[in-house]
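Notes for the one structure printed next.
The values are calculated or read from the model by the stated rules, or taken from the named source; none is laboratory data. None of the values given here were measured: they were computed from a predicted structure. Please note: Cβ atoms are built from the backbone with ideal geometry, for glycine as well, and neighbour counts cover all protein chains shown.
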Amino acid sequence: MAALTRTLLPRARRAGPGPSAGVREVALVAVFAVVALLPLIAGDRFWTRKLFVIAVMSIVAVGLNLVLGYAGEYALGQVGIFAAGAYVTGVLTATYHWNAWLAMLAGVAAAALTGLVASVPGLRVGGWYFALTSLFIATVIPQTVRLAPGPTGGELGLAGIDRPQIAGHPLSTPALYILVLAVLGLALLGLRNLTRSTWGLAFACLRRGDVCLRSAGMSPVRVRLTIYLFAAVLAGAGGVVYPFLDGFISPDAFPLSLSILIIGATIIGGSDAVWAPVVGVAILQLVPELSDRFDKYALLIYGLALVAGSLLLPRGLVAPLRRAASAVLRPARSAEPPAGSADAAVARLARGDGAILEVRGLNKAFGGLRAVSDVSFTARPGQITAVIGANGCGKTTTLNLVSGFYRADAGHVSLGGTAVEGRAPHRIVRDRLARTFQTPMLLTDRTALENVMAGMLAHAPVPAAAAVLGLPSARRTRERFRRDAADLLAFAGLGPLAGQDADTLSPGRQRLLEVARALAGSPSVLLLDEPAAGLVGAEVGELAGLLRAVRAAGVAVVLVEHNMRLVMDLADHVVVLDTGTVLATGTPGEVRADPAVARSYLGAAATRPATRKEDR
Amino acid sequence: MPAGWEPYVSALVAGLGVGGVYALVAMGYNLVFRATGVFNLAQGQLLSYGALIGFTLWVSHGTPLLLALLAVTAAVAALGFVQERITVAPLARAGTNSMAWVITTLGASVVLENIAQLAWGGDQHPVPPLADLAAWRIGGATVQPANMIILVTALAAAAALTAVTRYTRAGKTWSATAEDAEAARVRGINTRRVGAVSFAVAAALSGFAGFVVAPVTGASFDMGSSLTLAGFVAIAVGGFGSAGGALAGGLIIGVVDSEAVLMLSSAWKDVVTLLVLLLILGVRPNGLFGTYRERVI
């Protein structure tokens, strides 16, 4: 048991100030013990039942918080999965006379399966369509028992679900409560480990959007299935214990209002902690009881309290609580970021394979509009290849085609001789082609350090199971990410800002941060989409300095940019696009001298020697 | 499975009636969601107020039908406006990431339902047909006029909303806000007012719908809660965007429900509806009439 505790409760970071790890563990165990003994203190059947229900609903809600709160996925079908777990266990126990413990295992497995099946729409439809579909699935699943009234008891419900036994004695209600509480405790520890591991960054990326996740080299399908599965196992774990409370379940026990209660609890808690939904469930279950004395006005007051509470604390209850607690207990949210070394970052970048990016004959039309036709160019390691052209000439479309976000109608893209066209964008990132976006795709409420760490996800995958168990390998990977990210931040000149949230940085710094994150996977090719847009004065200089250093490290840089001074200053090779086709290629000098380019884009004045001086 | 075509036609007509109610709720969701990013979880409760106020005015006090209908629509519109001011407008500062509206509109639904219960009691109040028409018969099939009245109401509401959004200044203001609220603000549109008006219009629709559906379902304080989900499914099938989508989604779900009960059994109703929903979203991930954009970056 002690070994298990050590595994599940990783020690707090050594550098972190505040109470030592031992104190925190003891405090957690004490809280658990007090909550476990509550039925004895309350000493009455009603309150024991209430506590049991709160614990069961909490298990479901912490699972929902993982998908909804942490990953921003509207997988709202948790109550349906909960019902599947409850019914499979109930039917196996009551109708087929299985051993209750075995039936519970089968129930969790069935819930996991149900969760995966119910999540299929989430892989196809996005956002609110998935929300509505999964909510509907949640209410349909319990109704399906009416199709097989024989084994399931149908509409009237299923009775005679005998409790699991220990040494021939069925569990008492308080013992059942402690069992549920133990499951809840283990779930919270596992989720805490998971969200603090590198997977937590993957969830934050998913929350930001598929594009963010893919540019970190992660498959959205894989990350989605992983979290859906976790949430389903938790909903199932709550479900398999539930039928034993009364030995009876019916389809009416899982109405839409239960789904809304679980969703509400998750939102009331807020996604600032894995345990936040427990607070939400407790409030939603207890507040109506407290106002019992008002009898017929009870629900009215409950509704008013929901409105008033949520208006006062729109970000949930736990965020302000936590801020208050951390003000007392420990000054900083996390340990000081490690000091990084720019040289180490350069050394890692220079270890790249020096692959050449070759683009041949790319074509793409949107409807009748030919956005890109027959575009070819080559980007070599240790060089900056600029792609310029007027707005709407197909620069960004070309980047999207090369990085796999759009599928080309025709043409080839090869990376170090390997054809990559047609591959999914996250695969191409793993082939070591990284990119940035016109609008920085940053995790706004995460630190600069964590943003860079997100760029490493694809290159050092941690098995989700290892992350949940808090195995040393998972923690070592995170520590390595932290050190490597600190090196990159030092390289990008952002070292002192490592601990700041990304959205508190200036636009210029956000650009540098996005470049640092793109470099986190040690790419051989780096595509930059207008990195200087919106930058002022010295910020452009900082960016130019960083890009020179990246070039010097042997990376092939493709720069889409409107800032001509920057392009002419930095580029080794320039590709000029005009209405989707390549107008000219060459060195900056050659391109500048090309009369066709001058006419179409740079303006006739650019050819006059006098302008050269201004450019400098 | 019954023989002959008559039962299927009767079920089709009944389904179109029920589907008309779903469609009216879905149109309300669409109006409010596109303008404010909020699902009003109290939309169904607003509908029950239409039925209950209508019952009081028309059945209990003998108010002339048209006057009662106008008064009901205005009263529920005002209720929706007030609800928006209290439960949604104050959240504008909390930012678009906040999901606090789920709790505030849920709270509003609880409050509205309980006030209705306190005021009108827990019983279902029967409401006579709005017009004294005999049921039409097509061969052996029965067409209930009450169902037709609901269907016509839904069709008229969808047509009116479409015309308003296309041809009037107020409607275009709504469209601009729905398309891109930030761009609309830059162009000088008061998007908060658009949100409040959308709530009021959606509530007016629901109030009207409650009044016309009451002769079929009766008027009761809890008639709205079951419509919450049906409206969700209707909007998912039809697609976010237009009143036409909500109309199509509502009618499809209503007819599928009704025919599934006839052909299989009531136990199959939701399962068949789910299969239809998944089928439609499988082919068109943004619903039948939702807009789809390839550009992702």
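Is it true that some residue in region A:267-282 is within 11 Å of chain B (Cβ to nearest Cβ), among the polar types (S, T, N, Q) and out of contact with any Asp or Glu (no Cβ under 9 Å at 6 or more places or on another chain)? Yes, some residue in region A:267-282 is within 11 Å of chain B (Cβ to nearest Cβ), among the polar types (S, T, N, Q) and out of contact with any Asp or Glu (no Cβ under 9 Å at 6 or more places or on another chain).
Would you check if there is a residue in region A:403-416 being assigned to a helix (DSSP H, G or I), touching a residue at least 12 places away in the same chain (Cβ under 8 Å) and away from chain B (no Cβ under 14 Å)? No, region A:403-416 contains no residue that is assigned to a helix (DSSP H, G or I), touching a residue at least 12 places away in the same chain (Cβ under 8 Å) and away from chain B (no Cβ under 14 Å). Of the candidates A:A410, A:A464, the single residue that is of a type in the set (G, A, S) and under 19 Å from the mean Cα position of the chain (by Cα) is A:A464.
When we screen A:V53, A:V60 for residues that are among the hydrophobic types (A, V, I, L, M, F, W, C) and buried (at least 24 other Cβ atoms within 10 Å of the Cβ), the only hit is A:V60. In region A:373-402, which residue that is modelled with pLDDT of 90 or more, outside any helix (DSSP H, G or I) and among the hydroxyl-bearing types (S, T, Y) is surrounded by the most Cβ atoms within 10 Å (Cβ to Cβ)? Top of the filtered list is A:T385. Tell me yes or no: at least one residue of region A:217-234 is at the interface with chain B (Cβ under 10 Å from one of its Cβ atoms) and either surrounded by fewer than 24 Cβ atoms within 10 Å (Cβ to Cβ) or out of contact with any helix residue (DSSP H, G or I) (no Cβ under 6 Å at 6 or more places or on another chain) (or both). No - not one qualifying residue is present in region A:217-234. Criterion applied to B:T153, B:T168 was being at pLDDT 85 or above, under 18 Å from the mean Cα position of the chain (by Cα) and polar (S, T, N, Q), and the one residue passing it is B:T153.
What's the total number of residues in region A:307-322 that are among the β-branched types (V, I, T) and more than 7 Å from chain B (Cβ to nearest Cβ)?
1
The combined condition, being away from chain A (no Cβ under 12 Å) and under 21 Å from the mean Cα position of the chain (by Cα), is fulfilled by B:A75. Of the residues making up region A:431-486, just one is under 23 Å from A:V515 (Cβ atoms), surrounded by fewer than 18 Cβ atoms within 10 Å (Cβ to Cβ) and hydrophobic (A, V, I, L, M, F, W, C), namely A:A460. Annotation note: Cβ proximity below 8 Å between a residue of region B:108-124 that is more than 10 Å from chain A (Cβ to nearest Cβ) and surrounded by 21 or more Cβ atoms within 10 Å (Cβ to Cβ) and a residue that is part of a helix (DSSP H, G or I) and of a type in the set (S, T, Y) (sequence gap 6+ or interchain) occurs for B:A116/B:S48; B:A116/B:Y49. Of all the criteria given as (1) farther than 20 Å from A:S257 by Cα; (2) surrounded by 24 or more Cβ atoms within 10 Å (Cβ to Cβ); (3) not aliphatic (A, V, I, L, M), the one not satisfied by A:H97 is (2). Out of curiosity, is A:A204 touching a residue at least 24 places away in the same chain (Cβ under 8 Å) and away from chain B (no Cβ under 14 Å)? Considered against the rule, which asks whether it is touching a residue at least 24 places away in the same chain (Cβ under 8 Å) and away from chain B (no Cβ under 14 Å), A:A204 comes out as no. Looking across region A:353-372, the residues that are surrounded by 19 or more Cβ atoms within 10 Å (Cβ to Cβ) and either in contact with a His (Cβ under 6 Å, 6 or more places away or on another chain) or not basic (K, R) (or both) come down to A:A355, A:L357, A:V359, A:L362, A:A371, A:V372. Taking region B:92-106, which residues are at pLDDT 85 or above, in contact with a Ser or Thr (Cβ under 7 Å, 6 or more places away or on another chain) and at the interface with chain A (Cβ under 7 Å from one of its Cβ atoms)? The answer is B:T104, and nothing else. Of everything in region A:129-142 that is at the interface with another protein chain (Cβ under 7 Å from one of its Cβ atoms) and not β-branched (V, I, T), the residue that is nearest to A:Q78 (Cα to Cα) is A:L135. Candidates are the residues of region A:143-195 that are without any contact (Cβ under 8 Å) to a residue 24 or more places away in the chain and closer than 30 Å to A:A276 by Cβ; the one that is nearest to the other protein chains (Cβ to nearest Cβ) is A:A182. Under the condition of being at pLDDT 95 or above and in a loop (DSSP other than H, G, I, E, B), the residues counted in region A:52-98 number 0. Within region A:403-420, can you find the residues that are small (G, A, S), surrounded by fewer than 22 Cβ atoms within 10 Å (Cβ to Cβ) and over 18 Å from A:A434 (Cα atoms)? Across region A:403-420, the qualifying residues are A:A410, A:G411.
Right, A:D343: part of a helix (DSSP H, G or I), farther than 30 Å from A:T195 by Cα and modelled with pLDDT under 80 or not? Judged against the criteria, A:D343 is not a match. What pairs come out if I take residues in region B:146-172 that are at positive phi and pair them with residues that are not in a loop (DSSP other than H, G, I, E, B) whose C-beta lies under 9 Å away, six or more apart or interchain? Correct list of pairs: empty, since none qualify. Of the residues A:A83, A:A55, A:A110, A:A71, the single one that is in contact (Cβ under 8 Å) with a residue 60 or more places away in the chain, under 28 Å from the mean Cα position of the chain (by Cα), within 16 Å of A:G239 (Cβ to Cβ) and within 14 Å of chain B (Cβ to nearest Cβ) is A:A83.
Tallying residues that are over 22 Å from A:E73 (Cα atoms) and more than 12 Å from chain B (Cβ to nearest Cβ) within region A:235-266 yields 13. Contact annotation: residue pairs with Cβ atoms under 8 Å, 6 or more positions apart or on different chains, pairing a residue in region B:259-275 that is more than 8 Å from chain A (Cβ to nearest Cβ) with a partner that is polar (S, T, N, Q) and crowded, with 17+ Cβ neighbours inside 10 Å, are B:A260/B:T273. For first residues located in region B:280-297 and surrounded by fewer than 17 Cβ atoms within 10 Å (Cβ to Cβ), partners that are hydroxyl-bearing (S, T, Y) and modelled with pLDDT under 50 and lie 6+ apart or on another chain with Cβ distances below 9 Å form the pairs B:R284/B:Y292; B:P285/B:Y292. Looking only at region B:193-212, decide whether some residue is within 13 Å of chain A (Cβ to nearest Cβ) and part of a helix (DSSP H, G or I). Checked region B:193-212: no residue is within 13 Å of chain A (Cβ to nearest Cβ) and part of a helix (DSSP H, G or I).
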